[in-house]
Amino acid sequence: MPIFEFLCPACNRIYSFLSLSPSPAREPSCPKCGATGLTRVPSAFAVTASKKSAGEPRPDAAGGGDDAAMQRLEQEAMRMAGELDEKDAEDPRVMARMMRRLAEASGEAVTPTMEEMFRRMESGEDPEALEEELGPRLEEEMGDEEGAGGPSGPPTRDDGLYDY
């Protein structure tokens with residue numbers, strides 16, 4: 001049975017829903033506030049688990065997980081640098097692939113706006129135009145460098161599993 005994850009914009013929280021169908025016909029409502037119009041987001045497992053071995057610590061695990069996550073990110077960045085040539089740096093499709101790889105290597109959840117930006121870059125749209133259009137939404141989702149961010153900052157995850 002599939003588990004789908006949705007972001008409630010009102011709560012700025014990601015919830016997991018267990019579905020009896022691989023293609024549910026309806027959209028869930030927020031288990032906390034009852035809001036509708038939740039946005040489906042890639043699951044953290046799908047984003048982070050594909051490159052990890054079973055014995056490797058998770059970035060949030062006790063015992064130096066942050067160092068391990070940083071090391072994985074640095075290794076991935078070095079691999080990517082070796083794969084790129086000058087013409088690739090101007091191709092939005094290549095840029096989107098690289099940004100996805102860095103997100104996966106960092107273990108960070110991909111927000112709905114990031115996913116939209118990646119998808120549109122992969123279709124060949126201009127990154128600068130996308131930054132202008134989606135930048136404010138992305139900053140709201142991620143928060144700014146000093147942590148002030150938008151009114152809600154980056155989304156948090158609920159540990160529960162809810163019926164779809």
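Below are the figures for this structure:
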| quantity | calculated |
| --- | --- |
| Test: residue in the stretch 50-64 that is at pLDDT below 75 and part of a helix (DSSP H, G or I) | yes |
| Unmet criterion (only one of (1) within 15 Å of the chain's Cα centre (by Cα); (2) at pLDDT below 85; (3) of a type in the set (A, V, I, L, M, F, W, C)) for MET114 | (2) |
| Scan of the stretch 117-164 for residues that are at pLDDT below 80, of a type in the set (D, E, K, R) and over 23 Å from ARG100 (Cβ atoms), ordered by number | GLU146 |
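The values are calculated or read from the model by the stated rules, or taken from the named source; none is laboratory data. Note that the structure is predicted; figures quoted are calculated from it, not measured. Methodologically, a virtual Cβ is constructed for each residue, glycine included, from the backbone with ideal geometry; neighbour enumeration extends over all protein chains shown.
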